[in-house]
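For reference, the structure discussed in these notes is given below.
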Amino acid sequence: MPTTPAPDCLDAAAASLLHDYYAGTWLPNDDERDLADGLARTRWSEHSLRAGLRGTSPAVADGRLGGVLDLAVQVLAQTPAAATDNTLLQVRVLIDALASAFLP
């Protein structure tokens, strides 16, 4: 039986991706930037994150950002209160960093 990832695994994945982004070893493509921009403006829930991922290309959904967001969906499915407490804080920091970097 599959288990839900622990929030600390989610934090580590988001922090790692944010580190790689700041280090320049990972850069989001246009679709990932669009996804981050949309999520930065959305109230997060299991369903809103799923919808965001569903609206992307398979390359984005299967990429590093998609993997982090998929973990977030799994955490939210298990613990809906994670949408309003600090459980997803590191993911929000990642999304905000990606979205703010591409403001017009």
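For the list (1) more than 22 Å from A83 (Cβ to Cβ); (2) crowded, with 16+ Cβ neighbours inside 10 Å, I need the number of the one condition that L10 fails.
(1)
For Q78, are the conditions met, namely being surrounded by fewer than 17 Cβ atoms within 10 Å (Cβ to Cβ) and touching a Ser or Thr at 6+ places or on another chain (Cβ under 6 Å)?
For Q78, the condition - surrounded by fewer than 17 Cβ atoms within 10 Å (Cβ to Cβ) and touching a Ser or Thr at 6+ places or on another chain (Cβ under 6 Å) - is met.
I'd like the full set of residues that are more than 19 Å from A81 (Cα to Cα) and in contact (Cβ under 8 Å) with a residue 60 or more places away in the chain, limited to region 31-50.
Across region 31-50, the qualifying residues are E32, R33, A36, D37.
Residues being touching a residue at least 12 places away in the same chain (Cβ under 8 Å), part of a helix (DSSP H, G or I) and either of a type in the set (D, E) or surrounded by 16 or more Cβ atoms within 10 Å (Cβ to Cβ) (or both): count how many of those fall in region 51-63.
So the count comes out to 3.
Any residue in region 34-49 that is surrounded by 13 or more Cβ atoms within 10 Å (Cβ to Cβ) and among the basic types (K, R)?
Among the residues of region 34-49, not one is surrounded by 13 or more Cβ atoms within 10 Å (Cβ to Cβ) and among the basic types (K, R), which makes the answer no.
Quick one: how many residues across region 53-82 are small (G, A, S), touching a Leu at 6+ places or on another chain (Cβ under 9 Å) and modelled with pLDDT of 95 or more?
The total comes to 3.
Which residue pairs have Cβ atoms under 6 Å apart, sit 6 or more places apart or on different chains, and have a first residue in region 71-98 that is in contact (Cβ under 8 Å) with a residue 12 or more places away in the chain and under 23 Å from W26 (Cβ atoms) and a second that is among the polar types (S, T, N, Q) and surrounded by fewer than 16 Cβ atoms within 10 Å (Cβ to Cβ)?
Pairs found: Q74/T4.
With the requirement that a residue be of a type in the set (G, A, S) and either farther than 15 Å from A99 by Cα or not in a helix (DSSP H, G or I) (or both), what does region 1-50 give you?
Answer for region 1-50, where residues must be of a type in the set (G, A, S) and either farther than 15 Å from A99 by Cα or not in a helix (DSSP H, G or I) (or both): A6, A12, A13, A15, S16, A23, G24, S45, S48.
The values are calculated or read from the model by the stated rules, or taken from the named source; none is laboratory data. The shown structure was predicted, so the numbers you read here are calculated from the model rather than taken from an experiment. No Cβ is skipped: glycine too gets one built from the backbone with ideal geometry, and neighbour counts run over all protein chains shown.
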